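The values are calculated or read from the model by the stated rules, or taken from the named source; none is laboratory data. This is a predicted model, so every value here is computed, not measured. Note that each Cβ is placed from the backbone with ideal geometry, even for glycine, and that neighbours are counted across all protein chains shown. Side chains are part of the model used for accessible areas, which takes the heavy atoms of the whole protein and leaves out ligands, DNA and RNA. Shrake-Rupley method; radii C 1.70, N 1.55, O 1.52, S 1.80 Å.
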Amino acid sequence: MKQLKNIVILFCLILLNACAAQNELLIPDENDQENRWKLFLANKVEEKPYTLQGSFRFGNSENTNRVNYILWSNGSLPLRVEIMAGVGASLAKVAENKKQITMYFPQEKRAVIMDNFDEINPLISMGMPVPISFNEMSFILRGGFSQIFKDLTLDNVKSKTTKKEYEQYTYYFSSKKMEGLVQLDKFGKPIYCEVNDEWAFEISYDEETNLPYKVVISSKLEDYKAILLVKERTFPKKYEESDLKFELPDHTEICNNY
């Protein structure tokens, strides 16, 4: 009986220590604050062939749509994207290079060809309004969030005592295209970000690869949310030039959007 009592006491002590650790307040540290930002900027995507497969769900609280995607390149532009319905039927084929974006819609036998510059977002043209392009999406899903910003400048940092490790520091930034805030974990990986007071990003990471497997993009202005999931990630041999483009079928209706 005495032995059983000792075991119960020991169990209670372990439980109390676990609860105390869980509720422990994390105090900001100036060196840690600076280091996280440096790691954030240093987290660059390695330029090597990849294939990403997953799903893209978007809409409001009353009506959502879901498509599947396959995205691949040799690590930078050009890249290819296939958008499919849940049953596998092709909805769109996309080929993007530094000069041009070509989108082909097989069910309509129609193509849209547009010059590729910062103001162009093919996802919006396809009825999937999010503030990133397919190329920027590929950087985020491969762990290169900071690479979607140009001429990134750190304007201010606010710190606080908190239970959540990534909430200790909020970094306010501006860039050539946008301004916003980001919260980073101790490895410099973004967990939460806001852009132009219009969009919020929440990023979850795979424990084995330390790469994003889920990105939630929410509008701060209206009832709209998009969820990007990575279900499979592979690193094949280098793609040939023919793998990164496609020929439009005969009798395709072509719309130029310059």
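Select from the range 207-221 the residues that are of a type outside the set (Lys, Arg) and farther than 22 Å from Val67 by Cα and write down the one among them that is farthest from the chain's Cα centre (by Cα). Checking each candidate, the answer is Leu221.
Give the residue that is surrounded by the most Cβ atoms within 10 Å (Cβ to Cβ), with candidates limited to residues of the range 144-154 that are in a loop (DSSP other than H, G, I, E, B) and on the phi < 0 side of the Ramachandran plot.
In this case the residue turns out to be Phe149.
Residues of the range 80-90 include none that is open to solvent by 40 Å² or more (accessible area, probe 1.4 Å) and either in contact (Cβ under 8 Å) with a residue 24 or more places away in the chain or of a type in the set (D, E, K, R) (or both). Quick test of your reading of the structure: Arg57 fulfils all but one of (1) free of Cβ contacts under 8 Å to residues at least 24 places away in the same chain; (2) open to solvent by 40 Å² or more (accessible area, probe 1.4 Å); (3) in contact with a Ser or Thr (Cβ under 7 Å, 6 or more places away or on another chain). Name the failing condition by number. (1) is the only condition that Arg57 fails.
Which of the residues belonging to the range 129-138 are touching a residue at least 60 places away in the same chain (Cβ under 8 Å), out of contact with any Ser or Thr (no Cβ under 8 Å at 6 or more places or on another chain), buried (at least 19 other Cβ atoms within 10 Å of the Cβ) and of a type outside the set (A, V, I, L, M)? The answer is Pro131, Phe134.
Under 6 Å by Cβ, and 6 or more places apart or on different chains, what pairs join a residue from the range 222-246 that is under 21 Å from Glu96 (Cβ atoms) with one that is at pLDDT below 95 and part of a loop (DSSP other than H, G, I, E, B)? Listed by first residue and then by second, the contacts come to Ala226/Val130.
Condition first: touching a strand residue (DSSP E or B) at 6+ places or on another chain (Cβ under 8 Å) and surrounded by 18 or more Cβ atoms within 10 Å (Cβ to Cβ). Now tell me which residues in the range 33-50 satisfy that.
Step one: of the range 33-50, the residues touching a strand residue (DSSP E or B) at 6+ places or on another chain (Cβ under 8 Å) are 33, 36-37, 39-40, 49-50.
Within the range 33-50, Arg36, Trp37, Phe40, Tyr50 meet the criteria.
Of the strands (runs of 3 or more DSSP E) lying entirely inside the range 155-234, those containing at least 1 residues that are open to solvent by less than 70 Å² (accessible area, probe 1.4 Å) and of a type in the set (Asp, Glu) span 190-195.
When His251 is tested against the conditions (1) surrounded by 11 or more Cβ atoms within 10 Å (Cβ to Cβ); (2) at positive phi, the lone failure is (1). Return yes or no: is Arg110 at pLDDT 90 or above, touching a Leu at 6+ places or on another chain (Cβ under 9 Å), open to solvent by 20 Å² or more (accessible area, probe 1.4 Å) and under 22 Å from Leu244 (Cα atoms)? Judged against the criteria, Arg110 is not a match.
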